[in-house]
Amino acid sequence: MTPDTALPTRKERWTWGAVVALVICAGFAALVAVDARYFFVDDTESGAVGNWLQLGHLMREGQWFPTLVLDQWMSGNYPVEGQGGLFNPVQMAINYVAPSVDNLVVLVTVVKLLFSILLGWGVYRVALEYGARPAWAAVAGASAPFVGFTLYFEQTSWVTSMIGTAYVMQAWASGVRYARGRSGPLPVFAFLYLAITVGYVHAALLAGVVVAVLMIGEYLYQRQWKPSMLLALVGIAAASAAAITFLPGVLSSSVTWRTGEEGVYNDNFLTAPWSETLTASMPSAVSSIESWTGETTFAPVTYISWFLVPALAFVGWRAAQSSLRELSPLLLMASFALLFTAGPSAIGQVRWPARLLPVVAVVLLILVVVLLSRFGTLQALRTRVVAASLLVLVLLLRASSSGPQYFGRHLLWALAILAVGALALFLARRYGTVAVTALILLTIVPVAAYQATTYPQALHKWFLPATQTEAKANFPQWDGVTLQLGARGILTIERDSPELPWQSQVYGNYAKILDLDYVNAYTPVGHGPFSGLLCMNFDSSTCPDALDNVFQVDPYTQETFVDLMQVDRVVLQRKQYPDADRTPAPPGWHWAEVPAVADDEIYVLERDGGPISDAPGRVSAALGVDVEPVSYAVNRERLRVSSVDGGSVVFSRLAWPGYTATLNGDPLPTMGIGEMFLFVDIPPGTVDGDLEIEFRPPGWRVGQVGIAFGLLLLTALTVYYYRGRRATTTDSL
């Protein structure tokens with residue numbers, strides 16, 4: 001296994017890059033063969049897909065940068081939600097295409113496949129930049145999308161996390177090339193910007209850490225500050241341009257669930273102690289990481305690759321010491337990720353540190369393949385074989401500690417690792433690097449298929465309809481705005497459960513898939529006071545008290561809350577309200593006939609006289625004020641108002657930070673009834689006043705200035721880079 005010191009040719013790099021993509025495609029095919037809905041689970045089916053569809057519809061209607069979806073109330077503020085990718089051109093393209101793809105399972109599988117290839121190529125590129133042979137770099141790249149946490153959490157559910165990691169790894173590779181003068185600042189900026197504008201806070205954190213470790217590492221390697229300063233400047237440019245993604249959420253946090261997420265605490269939820277890395281090469285090992293399945297996650301979420309730990313015995317460590325400075329970014333990132341994943345559980349709004357386990361995995365993969373490429377050795381073979389065997393024994397003992405009930409399969413896997421490892425040594429001695437890496441590449445897909453077949457998924461399936469057509473065909477096509485009161489948690493959500501609610505009820509973002517106007521939608525952010533009114537949680541489930549609360553009369557307006565919301569229909573889950581139709585309907589409402597397909601699942605209250613949500617404008621109450629609508633848009637509304645003694649105009653809008661009001665051009669304060677319903681006070685003596693309200697997400701203008709500054713700085717860096725290249729070329733002549 002003596003390393004080949006010749007630089008790889010372009011043909012070698014492209015060939016092995018193609019191998020990475022082929023292995024990943026084969027892995028996806030195997031997982032789909034195991035379970036056709038493998039990639040359509042939990043937050044992907046209940047959250048991400050619905051967002052893609054709704055944002056795509058809004059873009060096609062001309063709203064290229066959507067802000068509010070008013071009738072969704074606490075879930076309808078996309079700038080605050082952050083993860084809509086409003087300023088991410090790749091995500092915008094996905095959103096735009098999504099409504100045209102009927103089969104949602106196919107849609108998410110293809111999207112995840114493409115980003116898995118991007119992730120694999122990013123890992124492959126980073127490994128090449130630090131001196132890995134293309135064949136070994138391909139092993140790292142092809143393994144990356146199938147490491148345990150990615151396979152069980154990100155591939156199935158948390159797609160935004162995987163997308164962010166893919167961009168970060170590409171930014172890392174481009175950053176090394178930029179610091180060493182082999183490419184310009186644009187690729188680094190582009191990938192950093194894309195990573196941040198995904199809207200996933202861990203991806204933004206990683207983007208910053210990558211820039212920091214590259215700055216330190218390149219200074220140690222090159223012994224000059226200039227490359228590090230250039231990296232810092234391109235990082236500042238990307239962060240400035242992408243800041244608009246997070247500013248509205250941060251500046252609106254005072255009214256959201258996030259306002260209380262301050263300080264540091266540890267409840268051990270989704271923390272990964274360092275001892276868990278001792279199962280990184282055992283495909284059968286479950287973990288002692290606490291998640292939604294309890295104190296043990298019964299899936300191999302800390303698995304990286306079967307060869308990773310035993311291969312450490314075949315590195316010439318004394319020779320490798322000479323490269324510590326060059327490899328310092330990998331060592332620094334591995335140290336950071338290991339420290340972070342071990343806890344605490346939350347640092348302010350950054351929670352669940354095990355989410356960085358994929359970063360631990362890919363960095364260790366890169367580090368090991370680089371070491372094997374540059375310092376792999378078969379000298380003193382007998383001693384190294386004994387050391388590798390002892391490492392496998394440690395893996396067996398640690399896996400048996402976490403999951404003693406699976407000792408038999410752990411033992412079989414330990415023997416398999418020894419057997420395949422022996423074959424790898426034979427191939428390495430007889431045929432060289434290509435043969436041994438080919439063997440490892442051939443094992444990636446079978447191991448992933450074994451894990452997907454043998455271990456349950458770590459997150460819950462919702463079993464939503466697989467296609468838009470199926471979903472819409474079996475669901476009542478309500479007119480107007482609907483509020484649903486019910487709880488997903490009291491239903492049995494299983495593949496063949498008779499309680500699957502998807503013919504009558506919406507949870508998460510299912511209403512967005514149906515393209516219906518529901519108050520109910522998925523939100524990780526929420527709005528505190530509105531959530532309190534309906535005790536509505538992240539998936540839009542509500543508590544039994546919500547029915548009484550929503551029909552209470554607001555003392556200021558003397559209107560019910562359901563009237564202030566301009567809701568046309570209230571759907572009640574029978575399991576939560578079993579005897580609801582035995583009580584008289586509230587004044588102005590009646591019990592409506594329920595479609596036969598949903599007769600045993602829901603009751604329906606509808607307004608007498610039909611929908612009111614189609615009235616022009618969003619005024620829901622006028623107290624002592626004569627109001628005449630002039631114009632209406634989602635973010636702006638104009639009214640002609642008159643009031644002899646003064647009064648108030650109340651809007652069917654949630655009082656998010658960012659609203660302003662003017663009367664005849666003069667500013668008026670905006671307020672919220674119960675911190676929920678936007679209203680303005682009209683002064684006495686107003687005659688035919690021009691009242692205008694406008695919504696602009698907090699930080700919107702600052703964010704736009706940031707975009708301009710970032711692009712200006714990028715332009716300057718690009719000009720500087722190409723002038724430097726021209727000068728170097730001239731000098732060489």
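The values are calculated or read from the model by the stated rules, or taken from the named source; none is laboratory data. Nothing here was measured: the structure is a model prediction, and the numbers come from that model. Heads up, the Cβs are rebuilt from the backbone with ideal geometry, glycines too, and the neighbour counts pull from every protein chain shown.
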Report task. Hey, can you tell me all the residues within the range 663-689 that are surrounded by fewer than 15 Cβ atoms within 10 Å (Cβ to Cβ), assigned to a strand (DSSP E or B) and either among the hydroxyl-bearing types (Ser, Thr, Tyr) or touching a residue at least 40 places away in the same chain (Cβ under 8 Å) (or both)? Result -> 687, 688
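If only one of 176, 168, 188, 201 is farther than 21 Å from residue 722 by Cβ and at pLDDT 95 or above, which one is it?
Values: 176 fails: farther than 21 Å from residue 722 by Cβ; 188 fails: farther than 21 Å from residue 722 by Cβ; 201 fails: at pLDDT 95 or above.
Every option except 168 fails the conditions.
Mind listing just one residue for me: the one in the range 339-351 that is farther than 16 Å from residue 288 by Cβ and of a type in the set (A, V, I, L, M, F, W, C) and, of those, nearest to the chain's Cα centre (by Cα)?
Step one: list which residues in the range 339-351 are farther than 16 Å from residue 288 by Cβ, which gives 339-340, 344, 346-351.
Imposing the further condition that a residue be of a type in the set (A, V, I, L, M, F, W, C) reduces the set to 339-340, 346-347, 350.
Details: 339: 22, 340: 18, 346: 17, 347: 18, 350: 13 Å.
Selected residue: 350.
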Requested in this report: Read through the list (1) surrounded by 15 or more Cβ atoms within 10 Å (Cβ to Cβ); (2) part of a loop (DSSP other than H, G, I, E, B); (3) of a type outside the set (Ser, Thr, Tyr), then give the number of the only condition that residue 547 fails.
Outcome: (2)
Query raised in the report: Could you give every pair whose Cβ atoms fall below 9 Å, whose first residue belongs to the range 325-347 and is among the acidic types (Asp, Glu), and whose second residue is assigned to a helix (DSSP H, G or I), counting only separations of at least 6 or pairs across chains?
Result: 326/217; 326/220; 326/221
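The rows are residues; the columns are (1) outside the structural domain of residue 194 (by TED's automatic domain parsing); (2) touching a Phe, Trp or Tyr at 6+ places or on another chain (Cβ under 6 Å); (3) polar (S, T, N, Q); (4) surrounded by fewer than 22 Cβ atoms within 10 Å (Cβ to Cβ).
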residue	(1), (2), (3), (4)
236	no, no, no, yes
266	no, no, yes, yes
278	no, no, no, yes
289	no, no, no, no
320	no, yes, no, yes
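Somewhere in the range 552-561, is a residue over 24 Å from residue 678 (Cβ atoms) and of a type outside the set (D, E, K, R)?
If we filter the range 552-561 for residues that are over 24 Å from residue 678 (Cβ atoms), which is where we start, we get none.
No, that holds for no residue.
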Query - Condition met for residue 469 (surrounded by fewer than 22 Cβ atoms within 10 Å (Cβ to Cβ), touching a residue at least 24 places away in the same chain (Cβ under 8 Å) and either outside the structural domain of residue 306 (by TED's automatic domain parsing) or not in a loop (DSSP other than H, G, I, E, B) (or both)) - result: yes
Query raised in the report: On the given criteria, is residue 492 of a type outside the set (Gly, Ala, Ser) and either at pLDDT 95 or above or part of a helix (DSSP H, G or I) (or both)?
Result: no
Query raised in the report: Which of the residues that make up the range 338-380 are of a type in the set (Phe, Trp, Tyr), at pLDDT below 95 and surrounded by fewer than 24 Cβ atoms within 10 Å (Cβ to Cβ)?
Result: 352
Query raised in the report: From the list 258, 325, which one is among the charged types (D, E, K, R), outside any loop (DSSP other than H, G, I, E, B) and in the same structural domain as residue 139 (by TED's automatic domain parsing)?
Result: 258
Query raised in the report: Quick check: anything in the range 273-285 touching a residue at least 40 places away in the same chain (Cβ under 8 Å), touching a Ser or Thr at 6+ places or on another chain (Cβ under 7 Å), more than 30 Å from residue 177 (Cβ to Cβ) and in a loop (DSSP other than H, G, I, E, B)?
Result: yes
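Which residues, counting only those in the range 604-654, are of a type in the set (Lys, Arg) and surrounded by 14 or more Cβ atoms within 10 Å (Cβ to Cβ)?
Start the filter on the range 604-654 by keeping residues that are of a type in the set (Lys, Arg), which leaves 607, 618, 636, 638, 640, 653.
Matches in the range 604-654: 607, 618, 638, 640, 653.
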Requested in this report: List every residue pair whose Cβ atoms lie under 6 Å apart, where the two residues are 6 or more positions apart in sequence or sit on different chains, the first residue falls within the range 441-453 and is small (Gly, Ala, Ser), and the second residue, located anywhere, is at pLDDT 95 or above and crowded, with 21+ Cβ neighbours inside 10 Å.
Outcome: 448/27; 448/146; 452/31
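Take residue 295 and tell me if it is assigned by TED's automatic domain parsing to the domain that holds residue 352 and buried (at least 17 other Cβ atoms within 10 Å of the Cβ). Break it down stepwise before answering.
Values: assigned by TED's automatic domain parsing to the domain that holds residue 352: yes; buried (at least 17 other Cβ atoms within 10 Å of the Cβ): no.
No: the conditions fail for residue 295.
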